[in-house]
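Computed from the coordinates by the stated procedures, all read-outs in this text should not be read as laboratory data. If you're wondering where the values come from, they're calculated on a predicted model, not measured in any experiment.
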Amino acid sequence: MLAGTLACFACRTVTVHEGGDHVIVVGEVEHFHRSQGEPLVFHAGGYRAVSAAGRAAERIGA
């Protein structure tokens, strides 16, 4: 678990696939924890805060 995160997941490995120069790990969540706070999003090369207005617009399909 990482200190200071808003959410963390403990998973068991279900399968592993070769993906060229990557490895794709498919897991099953066995436990999760979430905390209160404002999330960050990585978009267009940087981290951004998610605003309440943006979340409301998504809910109404704007």
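Hey, can you grab everything whose amide H is under 5 Å from the amide H of GLY27? Only 5+ residues off in sequence or another chain; H modelled, so Pro and N-termini drop out.
For GLY27, the qualifying residues are VAL14.
Contour minus end-to-end for GLU30 and THR13, with contour as 0.36 nm per residue of separation and end-to-end as the Cα-Cα distance?
Here the segment from GLU30 to THR13 would lengthen by 5.1 nm.
Enumerate the calculated ³J(HN,Hα) couplings along segment 19-29 in order (Karplus 6.51 cos²θ - 1.76 cosθ + 1.60, θ = phi - 60°), each rounded to whole Hz, writing x wherever the residue is Gly or Pro.
x, x, 8, 10, 10, 9, 9, 9, x, 10, 6
Pop out the ³J(HN,Hα) list for segment 3-9 in order, Karplus 6.51 cos²θ - 1.76 cosθ + 1.60 with θ = phi - 60°, rounded to Hz; leave Gly and Pro as x.
Coupling constants for segment 3-9: 5, x, 8, 7, 8, 8, 10 Hz.
Skipping prolines and chain starts, which residues have an amide H placed within reach, meaning under 5 Å, of the one on CYS11, given they are 5 or more residues away or on another chain?
Close amide H contacts, sequence-distant or interchain: GLU30.
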